Amino acid sequence: MIFQKRSLALVCSLALAVMGSARADPASDMQEKLDALQKQIQELQAQMAAMKKSPEQAAPPTANQMKPGNDLTFQVGGGEVTIYGHADVSLDSQTNGMSGFLNGGLPVTGNNGWLADISSNLSFFGIRGERAVDKDLKGVFQFETEVAYAATPGASDQGTDGTAQKFSLGSRNSYVGLQSKTLGAIKLGKTDTPYKTSTGRLDPFANTPGDYNAIMGNSGGDNRTEFDARLPHSIWYESPKTGGFSFGALFSPGQNRSTDSGLYAQGEPDCAGVRDYF
């Protein structure tokens, strides 16, 4: 009788153990799935947090769009083109200092003394651009012309044959070239001489009728601004800045067949100034 009771108790224990194991397996599987899902949620949360911390990626530029900033710059064909200009019109009162002068005992003829004048000064309009050629090399260009707000464009009587044109397209600094941040730039076209570039900022009356051209940079004695000039048909080098310093060197071949520079430079309607310049 005792043996039967023990056998019955053992059978019941085994049955309960089997039932408990069967119930534990589904619960364990469910817990594992919940743990895996929780892990995935945590990974997604970490990715979202990292995306919020990283800077937003700018959308790729579309063709011919305007570049942000104060300049009128457009991104065109993989490069940049900037439109710029300067308007400066003034009402002046000027004198030639000859009021009351006598010539052979007679007063100097003409409207001497103070005279009202409206000047366009050095108003201009230009287009410049650049496009990368290599990692530290880009092609550059500039096309700039003087703008006549007050004067009338056309032939100038300053030339001996009257062929010199005022306010023509490309009448100011215009060029094409290559530029590097580390090596500097080499350009071809026409530009201000290195003397003019380095001293112009010292002139408090620059770009006005009272600038220093009449008394500085002039060796000819006839109002020729030979050093303070813009030389056509030139090639020049512009160094990069090092410690706040830079330099430039310019060569203008002159394109003049005359032995005494008595002829106009080839391709020029008027005297182009010196034959070469460094």
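Summing charges over neighbours of residue 78, with a neighbour being any other residue whose Cβ is under 15 Å away from its Cβ, gives +1 when K and R count +1 and D and E count -1. At an R0 of 51 angstrom, the distance between the Cβ atoms of residue 88 and residue 48 translates into a FRET efficiency of 0.35. Sorting 71-84, 172-185 by their mean Cβ neighbour count within 10 Å, with the most densely packed peptide first, gives 172-185, 71-84. When the pairs 196/241; 67/187; 138/187; 67/190; 52/135; 135/190 are compared against a 20 Å limit on Cα-Cα distance, 67/187; 67/190; 52/135; 135/190 fall above it.
Here the Karplus curve 6.51 cos²θ - 1.76 cosθ + 1.60, taken at θ = phi - 60°, turns the phi angles of the stretch 200-210 into couplings of x, 5, 8, 8, x, 10, 4, 6, 10, x, x Hz, with x standing for Gly and Pro. Ranked by the mean number of other Cβ atoms within 10 Å of their residues, highest first, the peptides 132-138, 240-246 come out as 132-138, 240-246.
No value in this document is a laboratory result; all are computed from the given coordinates. This structure is a prediction, so every number in the text was calculated from the model and none was measured. Note that each Cβ is placed from the backbone with ideal geometry, even for glycine, and that neighbours are counted across all protein chains shown.
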